[in-house]
Amino acid sequence: MNIANHKLKEEIIAFSKEIGIDKIGFASAGVFTGLKERLRVQQENGYQSGFEESDIELRTNPDLLLPRAKSIIAIALAYPSKLKDAPRSTREDRRGIFCRASWGVDYHHILRDKLRQLEAFIKERQPDALMKSMVDTGELSDRAVAERAGIGWSGKNCAIITPEFGSYVYLGEMITNIAFEPDQPLEDNCGTCNKCVEVCPTGALVQGGQLDSNKCIAFLTQTKGFLAEEYRTKIGNRLYGCDTCQTVCPENKGVDFHLHPEMEPDPEIVKPKLKPLLTISNREFKDRFGMISGSWRGKKPIQRNAILAIAHYKDKTAIPDLLELMKNDSRPVIRGTSAWALGKIGEMSTLEALENFKEIEQDEDVLLEIDRGISMLLGES
């Protein structure tokens, strides 16, 4: 064992606590051979979302990302799971919800800042050190690194579960050419529990630890096109993300940490009124929601999801807003989803309006949605 590297590891651990990193672990930078096979299966089955790095070699071989890589430092920060002073959703003002991982300041910024501080700390002590850090959007699998580094075990819900903070943790990592003694992975504690798989709203958890991303509500809420009809009623009032597989996990029972002020949610932002979202301008959206991670795809998916949430509630007070969108919105997805929502709400007085819109609408996809809306109103579907 390199005594200097052992001492540096202890110093890094102490410094990580000083700057507010809740867990830190060290892993070898060897090829993730088990992950490589799992990713091949994911690709072959068409289970990938398209948001992740497509090159399996880059996702599993740290040496391709940092030549002569020896170690990976994994970090985790705990985020809140309970919303204090949550506003109530009323019949006049229905509300949507952003998932917990989108509460507070965008976690990418928070973790990148922590990793930058770690890099500077290491560079001061070892000037020739090479480092490459990443959070979520990097090539490596955050989960695979955290698992190898002993941060937590990989749960059946495809999240890293820590003994201290459950799965409510953000993950990041740093590849380095410094050879640190690796930490031991934790034992899988899911056992026979299968709750997350059983309650997944869309059956996206094919089996424990295997996710069909294309069925996952967390992914679906981030898409920009028309949502397949089979998933529209599964969205509920979710505007971004889904927490179901976390909230049912026994390891998360009673877990709620408020350790980082920047992660504290603004109740009016993470549980906003739905109707104002339908007409929010780009500038207003950026000013209000730009600092949270759930805004990264822009306002269009959020607005589409807000329309689906209104349909979920069968909110008749939103009918004038939906009719206005059908009349004036330039985006087919918004017009078409509004037509479907009107049918779902089921107010017969909107039938004539839908039939009138059908006469002037030019987009084939929107016309299909208008037909669906009319059919629902007439009880034909």
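The values are calculated or read from the model by the stated rules, or taken from the named source; none is laboratory data. Because the structure is predicted, anything quoted here is derived from the model rather than measured. Ideal geometry is used to build each Cβ from the backbone, glycine not excepted, and the neighbour counts take in all protein chains shown.
Tabulated data for the structure shown
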{"read-out": "Subset tally (residues that are assigned to a helix (DSSP H, G or I) and either modelled with pLDDT of 90 or more or not aliphatic (A, V, I, L, M) (or both)) for segment 53-72", "value": "6"}
{"read-out": "Selection from segment 297-316 of residues that are surrounded by fewer than 22 Cβ atoms within 10 Å (Cβ to Cβ), touching a residue at least 40 places away in the same chain (Cβ under 8 Å) and closer than 13 Å to Leu278 by Cβ", "value": "Lys300, Asp315"}
{"read-out": "Residue within segment 337-350 that is more than 34 Å from the chain's Cα centre (by Cα) and surrounded by 18 or more Cβ atoms within 10 Å (Cβ to Cβ) present", "value": "yes"}
{"read-out": "Unmet requirement for Thr176, which otherwise passes all of (1) surrounded by fewer than 22 Cβ atoms within 10 Å (Cβ to Cβ); (2) more than 18 Å from the chain's Cα centre (by Cα)", "value": "(1)"}
{"read-out": "Single residue of segment 204-221 satisfying the filter (farther than 21 Å from Phe98 by Cα and not aliphatic (A, V, I, L, M)) that is modelled with the lowest pLDDT", "value": "Gly208"}
{"read-out": "Single condition Gln117 does not satisfy, out of (1) assigned to a helix (DSSP H, G or I); (2) out of contact with any Phe, Trp or Tyr (no Cβ under 9 Å at 6 or more places or on another chain); (3) surrounded by fewer than 18 Cβ atoms within 10 Å (Cβ to Cβ)", "value": "(2)"}
{"read-out": "Candidate set: segment 155-188, residues that are assigned to a strand (DSSP E or B) and touching a Cys at 6+ places or on another chain (Cβ under 9 Å); chosen: the one nearest to Ser81 (Cα to Cα)", "value": "Gly166"}
{"read-out": "Cross-chain or 6+ apart pairs with Cβ under 6 Å, segment 327-346 first and part of a loop (DSSP other than H, G, I, E, B), then not aliphatic (A, V, I, L, M)", "value": "Asp329/Arg335"}
{"read-out": "Leading residue by the ranking (nearest to the chain's Cα centre (by Cα)) among those in segment 79-109 that are surrounded by 22 or more Cβ atoms within 10 Å (Cβ to Cβ) and over 22 Å from Leu277 (Cβ atoms)", "value": "Tyr107"}
{"read-out": "Counted residues, segment 270-304 - those being more than 27 Å from Ile161 (Cα to Cα) and outside any loop (DSSP other than H, G, I, E, B)", "value": "20"}
{"read-out": "Search result, residues across segment 133-151 that are over 13 Å from Leu77 (Cβ atoms) and outside any strand (DSSP E or B)", "value": "Thr137, Gly138, Glu139, Leu140, Ser141, Arg143, Ala144, Val145, Glu147, Arg148, Ala149, Gly150"}
{"read-out": "Among (1) closer than 27 Å to Gly46 by Cα; (2) β-branched (Val, Ile, Thr); (3) out of contact with any helix residue (DSSP H, G or I) (no Cβ under 6 Å at 6 or more places or on another chain), the one test that Ile160 misses", "value": "(3)"}
{"read-out": "Complete set of residues in segment 8-52 that are part of a helix (DSSP H, G or I), at pLDDT 95 or above and either touching a Gly at 6+ places or on another chain (Cβ under 7 Å) or over 25 Å from Pro163 (Cβ atoms) (or both)", "value": "Leu8"}
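One line per residue, one yes/no per condition, for (1) touching a helix residue (DSSP H, G or I) at 6+ places or on another chain (Cβ under 8 Å); (2) within 24 Å of Ser295 (Cβ to Cβ):
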position	(1), (2)
Glu57	yes, no
Ala74	yes, no
Ser81	yes, yes
Glu92	yes, no
Ile97	yes, yes
Ala101	yes, yes
Gly104	yes, yes
Asp113	no, yes
